[in-house]
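Read the structure below first, then the notes.
The values are calculated or read from the model by the stated rules, or taken from the named source; none is laboratory data. Just so we're clear, the structure is a prediction, and the values are computed from it rather than from any experiment. Cβ coordinates were reconstructed from backbone atoms using ideal geometry, including for glycine residues, and neighbour counts include every protein chain displayed.
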């Protein structure tokens, strides 16, 4: 499993302070490779020689970093008694190029002495602190919860505790001094391989028990005091209930194809005339959200065929299939604090290698009308879940295209902004 | 009715691919033309896995090997084999399978299987062995039943060289079932036909020559392009009488206007080069000057006193761009008083030189240079492998180029045009077909 | 040569000469007509070429104008306005434009002469077309012209034009055209038997591969080298005939037209070839027809001439045949008379003549028979009278002696009886000779050496030859001068199948005749020699000779020139010779002697051929 190769989840409390510059802190990083290069040049050109030197930057290093590095190299050469002179007076004309390849920064010195020329190189790992860029900036409508090298499938917030579901583990974190500290991590055991884009969902059970659903697997962490996660293969439907909606939904999930088969049961969590312990066969779908239509729950399903299916609402159990232009396949619902109306959150119709965004929509006459500006996320959205605990937030996970990390966001609507 | 796709991966569907490659064999132990290697590597990555993969920084990470270690000065390596992996014939992957597979690719290696690991032993140090093993050529395959059986996300359903290749999804792939149900690759399709078929919706994925990329993009078609990684070079084999004098070959190299080739013929999609590895892979390609020096070329030509018979330059007749490049090389060489005659030929039978396309196959400089060197008859392969530092790698590349038998012209990207159905195209920077990760947009039904 | 043959020959020659004359005139006229037509066709073709050239030039100019004003070139022109124009995206424009405008050549050239895009040589982008910017005429007013185009596989001949594209202060150039090659030649409408060849003058001297016709490279192109080299030296229209092979149809007349470029440089040569094959074929056809017509004419002429000849010559032939028969002795031959023309009159005259001949012959035979009988009577009377007279005298003496004494009477009686017996014997001998002649024996043939026969006969008379007194018929002996006998025998003479005794008798008679002809002596020459299949015996004397009349009657029986001859000697000789199927001839002149020649066949024929054998006289 990927977690065992040292890619432990690193969590950062999102703070503007994270954007602080690391450049000054990295100044010493260049000393060692500069020294190495100076040694190699001196060995070829001879210590104490009169040299001419010129620099070129062919790497992704910034101009300021390049300037610092060239200063370092000059300093190191001078420290070895070498004198910088005009090319005409030089014993050796040295061209130093700051280059790079996929693995390393590569500093190359081409030492020309007469008609001969020699090349020395110094590699430097690109995973140096200089390459570690800060986290993405935040917007007021999204809140970065945490980042991970491994795919985050779902995050459930319980007070100061964050429960994080990844394909390999269910982990508890607790917020302390602005950072999340890992409390407990329990591996998830499964007999069959997970799908490539494995999905998972955390639902709360009665009390403080946590239930995690993954393709073909159901895990229950019944006792928070014990690090025991009971996982078992199951074909049971996933509970997709939404806080505040009186009718609960269980949807069967296809573990190989990684979508909901469309077979669903509706059960009454509060008395309702709409549906009561009824099963329905709806088209296969990826995700589901529920809003209200004339005070009745209206389920919206993002079908695997790209169409959107409306079920419930004023038309009862008669599903309606429509093509909604621009909607992606991840849906959630959220309630704005400034109004009782439940809104639809939907991703855009983008590819998995593109940046994605989430936008709130009103449902009017079974069509979507934008209810606010889209929130951009730094990469494709790999998960979007209606919060199982609070109706005014949703969880989105984005695969950051720049860092390659998975970032979990809490989405919430802020009125009058 | 406008189709609307979903961002959530969709399982199912058959991806239709066309390639100009004939793909005479999928077995990496058999040598094929350099231009065929790119597709074979892509297919190998679909039907099998290597022991080691490369991460985003081109550094080795576990694949079928969960970990590894070396001792004895990198002359002895141990690779622990991932448990629970099954071959397509439902047999469990064992270290013995791995050892046999690797020995078939490189008979010089001494590979032994143990209970859950394999041991490499070599007389020379192999500091970059994990990187080397990340090359698609070292895909672990079983050849027990006379057929290639791998562990990859797809298994071979039908393979007819030069005609078609059908791959079927492996539902039990250890790293997750692929989204596609099947991949249908039609082989030996000319580029022009491919473009037509894409327009007609008969195919989902086609190859693009560099000079097609800009136009295809302007046609609002989806284009996927790698970094410039494929080497276009003129290769003069040993014993080529008209170009046997190295001064003549150097004169040809100096006479070629690589910038014009790149800017115009390659539509600025590539990079002019005199190196084997592109700058982004090696970091030192700029040390091989690619400038045109016609005066020096003429001077070298004058030093070769003998009357020069035309140097025949063979190019792939199915590759219109190759023909134009060959003609441009001939035009440039003529300026230096050197007669080059482009001739269409699938192979260089009788031709003094040939124009080749060689994919880098890896973002790692060692692996890429080893791959290119092996495509050039593998003469310098051991030297490359033993080169542990960038300086050694540079020296190895310099040695390969010193006698001007290989005259690099440009590095070009691998480019593909994609139908709108294709989703999640995440090709590595060096190119290849990331078909294990793509999915197809679901078929549409009429809205009610 | 018979009259008929002559007539037929005359007819045939007349027809053949007529046909040949007509054929020759026809051939001559055809050649003249062909030459005139070829000249017209060549002129028309040259005109057509020039018109086609001009039309294509206008097309090229028009196409280039269209291209220059087209959206693609305008986009390039807009790019040219930029400070650092990037033409790379346009590198394939020329190819596409050339294809769409059906041009073989098209280049889009930047204001500085740099090729932006080249259809004919895409790899030459970036190179300069200095001729466009250096000469710098007003290209927009320039018509299409010929130009040498450099291509990857060598230079080619092109009909090109240039159109400038002006945008703001910048001028691009669009230059292009079509290739003058076999495709261009194919577009020319050529009359049958004519072809157009194009020589691309890419290098000094003659290059066979630069010459092609509508089908491709010309085989045996070297034959045209002299003509092309002439034009290369002095570009002008030149005509020449090229003999491709040894046959008359293998010649071709060529008209070479120089094709020159803008600066009058020789870029190509158009060769209009007119094959002589059609002419020769027509001539051959005419000749064949003439042969057929002539043959038929001659055949019909033969028939006609045969018919006409038969109409004319058959009566003549019948006359000739009849004459021959008459000549052969068949005097009662009559010719059938048909019609009343001259031939019929001639035939009638012939018939009249034969009738008269028969009558004359009959009369002659009758008179000859009478004369013979008279001669025989005379001869017989003469022969008989000679002994009768002594008989009469003797008897009278005997009668008178009855008056004398018995002794005298006895003596007279004795003498008289002796004389009587002698004369009676003489009479008997005379009668015997006539009798012998009347019944000549049948020859008993055996192989005989002629030389021996002649020698034996001569030996019989050897005594008389040497002057021994020769008993005369009157019983008087006299010495006669000697006769010298000369034998000239051919030694190798073959033996002849003959009766030796009869031959001996014949030769003896002739020797005797010769001796009689030389009463004063002389030379008797006896010769034998071999002729072709026969043997000749010559007996020549140097005696008094014979007159022509004597010669003519020499072999007539009972004819003699001698005082005491019976006239049967030579008749017997002729009879013997005839019995041996031989011939006898006599040659004589008065006072020069006489020569008898007997020719005997070595193997006498079984059948007697009649009168063809016998005597002849010269």
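Among what's in the stretch B:148-175 and is part of a loop (DSSP other than H, G, I, E, B) and crowded, with 20+ Cβ neighbours inside 10 Å, pick the residue that is nearest to the other protein chains (Cβ to nearest Cβ). Write out each step before concluding.
Step one: list which residues in the stretch B:148-175 are part of a loop (DSSP other than H, G, I, E, B), which gives B:148, B:150-153, B:161-163, B:170-175.
This time we only want the ones that are crowded, with 20+ Cβ neighbours inside 10 Å, so: B:148, B:150-153, B:170, B:173.
On the way: B:148: 22, B:150: 16, B:151: 12, B:152: 13, B:153: 8, B:170: 10, B:173: 6 Å.
Going through the qualifying residues, I end up with B:173.
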Options B:276, B:313: the member that is closer than 28 Å to residue B:226 by Cβ, in a strand (DSSP E or B) and in contact with a strand residue (DSSP E or B) (Cβ under 7 Å, 6 or more places away or on another chain): B:313
Scanning the stretch B:1-27 for residues that are more than 20 Å from residue A:261 (Cα to Cα) and at pLDDT below 90 gives B:1, B:2, B:3
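Quick one: would you say residue C:144 is in contact with a helix residue (DSSP H, G or I) (Cβ under 6 Å, 6 or more places away or on another chain) and over 25 Å from residue C:77 (Cα atoms)?
Values: in contact with a helix residue (DSSP H, G or I) (Cβ under 6 Å, 6 or more places away or on another chain): yes; over 25 Å from residue C:77 (Cα atoms): no.
No.
For (1) over 30 Å from residue C:337 (Cα atoms); (2) part of a helix (DSSP H, G or I), each residue gets a yes or a no:
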| position | (1), (2) |
| --- | --- |
| C:356 | no, yes |
| C:365 | no, yes |
| C:374 | yes, yes |
| C:403 | yes, no |
| C:413 | yes, yes |
| C:425 | yes, yes |
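Specify the residue that is modelled with the highest pLDDT; the eligible residues are those in the stretch B:294-309 that are assigned to a loop (DSSP other than H, G, I, E, B) and surrounded by 15 or more Cβ atoms within 10 Å (Cβ to Cβ). It would help to see each step written out before you state the result.
Here is the first cut: in the stretch B:294-309, the ones assigned to a loop (DSSP other than H, G, I, E, B) are B:304-309.
Subset that is surrounded by 15 or more Cβ atoms within 10 Å (Cβ to Cβ): B:304, B:308.
Values: B:304: 85, B:308: 68.
My answer is B:304.
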Please go through (1) at pLDDT below 80; (2) more than 24 Å from residue C:462 (Cβ to Cβ) for residue C:545 and return the number of the only condition it doesn't satisfy. (1)
Within the stretch A:40-67, work out how many residues are under 47 Å from the mean Cα position of the chain (by Cα), surrounded by fewer than 18 Cβ atoms within 10 Å (Cβ to Cβ) and away from chain B (no Cβ under 14 Å). 5
Any hit, the stretch C:351-358, residues being under 27 Å from residue C:432 (Cα atoms) and surrounded by 15 or more Cβ atoms within 10 Å (Cβ to Cβ): no
Among residues belonging to the stretch B:317-336 that are modelled with pLDDT under 90 and assigned to a loop (DSSP other than H, G, I, E, B), point out the one that is farthest from the other protein chains (Cβ to nearest Cβ). B:318
Does residue B:198 satisfy being assigned to a loop (DSSP other than H, G, I, E, B) and either surrounded by fewer than 23 Cβ atoms within 10 Å (Cβ to Cβ) or more than 13 Å from every other protein chain (Cβ to nearest Cβ) (or both)? no
So residue A:75 ticks every box in (1) modelled with pLDDT of 85 or more; (2) more than 14 Å from chain B (Cβ to nearest Cβ); (3) under 27 Å from the mean Cα position of the chain (by Cα); (4) not in a loop (DSSP other than H, G, I, E, B) but one. Which box is left unticked? (3)
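Would you pick out the residues in the stretch B:410-448 that are in a strand (DSSP E or B), within 13 Å of another protein chain (Cβ to nearest Cβ) and at pLDDT 85 or above? Reasoning before the result, please.
Of all residues in the stretch B:410-448, those in a strand (DSSP E or B) come to B:410-418, B:422-423, B:439-440.
Filter once more, keeping what is within 13 Å of another protein chain (Cβ to nearest Cβ): B:418, B:422-423, B:439-440.
If the condition is that a residue be in a strand (DSSP E or B), within 13 Å of another protein chain (Cβ to nearest Cβ) and at pLDDT 85 or above, then B:418, B:422, B:439, B:440 are the ones that fit.
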Within the stretch B:176-187, residues crowded, with 23+ Cβ neighbours inside 10 Å and more than 14 Å from chain A (Cβ to nearest Cβ) come out as B:183, B:185
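Yes or no, residue by residue, for (1) part of a strand (DSSP E or B); (2) out of contact with any strand residue (DSSP E or B) (no Cβ under 9 Å at 6 or more places or on another chain); (3) modelled with pLDDT under 80; (4) within 14 Å of chain B (Cβ to nearest Cβ):
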| position | (1), (2), (3), (4) |
| --- | --- |
| A:185 | yes, no, no, no |
| A:225 | no, yes, yes, no |
| A:283 | no, no, no, yes |
| A:286 | yes, no, no, yes |
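When you look at residue A:76, is it more than 20 Å from residue B:398 (Cβ to Cβ) and buried (at least 20 other Cβ atoms within 10 Å of the Cβ), yes or no?
Values: more than 20 Å from residue B:398 (Cβ to Cβ): yes; buried (at least 20 other Cβ atoms within 10 Å of the Cβ): yes.
The answer is yes for residue A:76.
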All positions within the stretch B:102-133 that are within 19 Å of residue B:54 (Cβ to Cβ) and outside any loop (DSSP other than H, G, I, E, B): B:102, B:105, B:120, B:129, B:130, B:131, B:132, B:133
Condition check for residue C:88: surrounded by 16 or more Cβ atoms within 10 Å (Cβ to Cβ) and closer than 25 Å to residue C:168 by Cβ: yes
What do you reckon, is residue A:153 at pLDDT 90 or above, surrounded by 17 or more Cβ atoms within 10 Å (Cβ to Cβ), more than 30 Å from residue A:372 (Cα to Cα) and within 14 Å of chain B (Cβ to nearest Cβ)? no
Across (1) in a strand (DSSP E or B); (2) surrounded by fewer than 17 Cβ atoms within 10 Å (Cβ to Cβ); (3) modelled with pLDDT of 80 or more, residue C:524 clears everything bar (2)
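Just name the residue that is farthest from residue B:427 (Cα to Cα) out of those in the stretch B:48-60 that are more than 17 Å from the chain's Cα centre (by Cα) and more than 7 Å from every other protein chain (Cβ to nearest Cβ). Walk me through how you get there before you give the answer.
Going residue by residue through the stretch B:48-60, those that are more than 17 Å from the chain's Cα centre (by Cα) are B:51-52, B:55-57, B:59-60.
Applying the additional criterion that residues be more than 7 Å from every other protein chain (Cβ to nearest Cβ) yields B:51-52, B:55, B:60.
Numbers: B:51: 20, B:52: 18, B:55: 13, B:60: 17 Å.
Selected residue: B:51.
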So which residues in the stretch A:23-39 are crowded, with 17+ Cβ neighbours inside 10 Å and either outside any helix (DSSP H, G or I) or modelled with pLDDT under 85 (or both)? A:29, A:30
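Mind telling me which of the residues C:340, C:275 ends up being exposed (fewer than 15 other Cβ atoms within 10 Å of the Cβ) and out of contact with any helix residue (DSSP H, G or I) (no Cβ under 6 Å at 6 or more places or on another chain)? Reasoning before the result, please.
Details: C:275 fails: exposed (fewer than 15 other Cβ atoms within 10 Å of the Cβ).
Result of the check over C:340, C:275: C:340.
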